[in-house]
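Single-structure report; data block below.
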Amino acid sequence: MVYASLSSGVIDRIMHGEDVSKPVLQILAIKKINSNEDSERFRIMISDGKYFNSHAMLASQLNEMQQKGQLDEFTIVQLDKYVTSMVGKDGAGKRVLIISELTVLNAGAEVKVKIGEPVNYENAS
């Protein structure tokens, strides 16, 4: 089985504000977080094979993909549309990746394994 190639090293660039067109990343984990009662939100850990980022969220319009099981662990996705946003106050905030459109390239059930040995991008620089 041949999988889509991850965009190695791209998470560090994205999380420092660079706009990278259609990066290919792997979902390492996804979990529902508590927000207000009206909307579910999902936090994901995403990897480029070199770095991982646990400060990533799915925009609510992607919840249906998650609920249908399309965004399982090890799924390889292309980010078609995303933004980064600073959260927190008094300059002690973190940059969060918010994914609003993506394309599944390889289902997690096909891939079955983490690609590379990614380290936290915050330890990269």
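The values are calculated or read from the model by the stated rules, or taken from the named source; none is laboratory data. Keep in mind that this is a model prediction, so the values were computed, not measured. Please note: Cβ atoms are built from the backbone with ideal geometry, for glycine as well, and neighbour counts cover all protein chains shown. All accessible areas refer to the heavy atoms of the entire protein, side chains included, with ligands and DNA or RNA removed. Shrake-Rupley method; radii C 1.70, N 1.55, O 1.52, S 1.80 Å.
Things worth noting here:
- Number of Lys-Lys pairs in region 43-125 with C-alpha atoms under 24 Å apart and a separation of 8 or more places or on different chains: 9.
- Other residues whose C-beta falls under 15 angstrom from the C-beta of R13 contribute a net charge of -2, scoring Lys and Arg +1 and Asp and Glu -1.
- Portion, in percent, of the accessible area of region 49-97 that falls on carbon or sulfur, probe 1.4 Å: 46
- Accessible area (Å², per residue) of the chain, counting only protein heavy atoms and a probe of 1.4 Å: 57
- Calculated FRET efficiency for the pair K32/S8, C-beta based, R₀ 35 Å, to 0.05: 0.75
- A crude spin-label estimate for the pair I98 and V119, with each label 7 Å from Cα along the Cβ direction, gives 3.1 nm.
- For Q66, neighbours were defined as the other residues whose beta-carbon sits under 13 Å from its Cβ, and their charges (Lys and Arg +1, Asp and Glu -1) total +1.
- Put E110, E117 in order of accessible area, highest first, and with a 1.4 Å probe you get E117, E110.
- Per-residue Karplus couplings for region 65-72, computed as 6.51 cos²θ - 1.76 cosθ + 1.60 with θ equal to phi - 60°, are listed in order as 4, 5, 5, 7, x, 7, 10, 6 Hz, Gly and Pro entered as x.
- Computed over all pairs of different Cα atoms, the Kirkwood value for the hydrodynamic radius of region 53-125 is 13.9 Å.
- Annotation: amide H of T75 within the under-5 Å range of I27, G108, sequence separation 5 or more or interchain, hydrogens built in the peptide plane.
- Reciprocal of mean inverse Cα separation for the chain (Kirkwood radius, Å): 14.7
- Summarising the amide proton neighbourhood of I30: residues at separation of 5 or more, or on other chains, whose placed amide H is nearer than 5 Å comprise M45.
- Taking all protein chains as shown and a probe of 1.4 angstrom, M65 keeps an accessible surface of around 40 Å².
- A simple rule links phi to the HN-Hα coupling: the Karplus curve 6.51 cos²θ - 1.76 cosθ + 1.60 with θ = phi - 60°, which for region 2-13 gives 9, 10, 4, 6, 6, 7, 4, x, 6, 4, 4, 5 Hz, with x for Gly and Pro.
- Inter-label distance, M86 to K68: 3.7 nm, where each label sits 7 Å from its Cα along the C-beta direction.
- Which of R13, R41 is most accessible, then next, and so on - probe 1.4 Å: R13, R41
- Length gained when the stretch A59-E40 is fully extended (0.36 nm per residue, less Cα-Cα span): 5.9 nm
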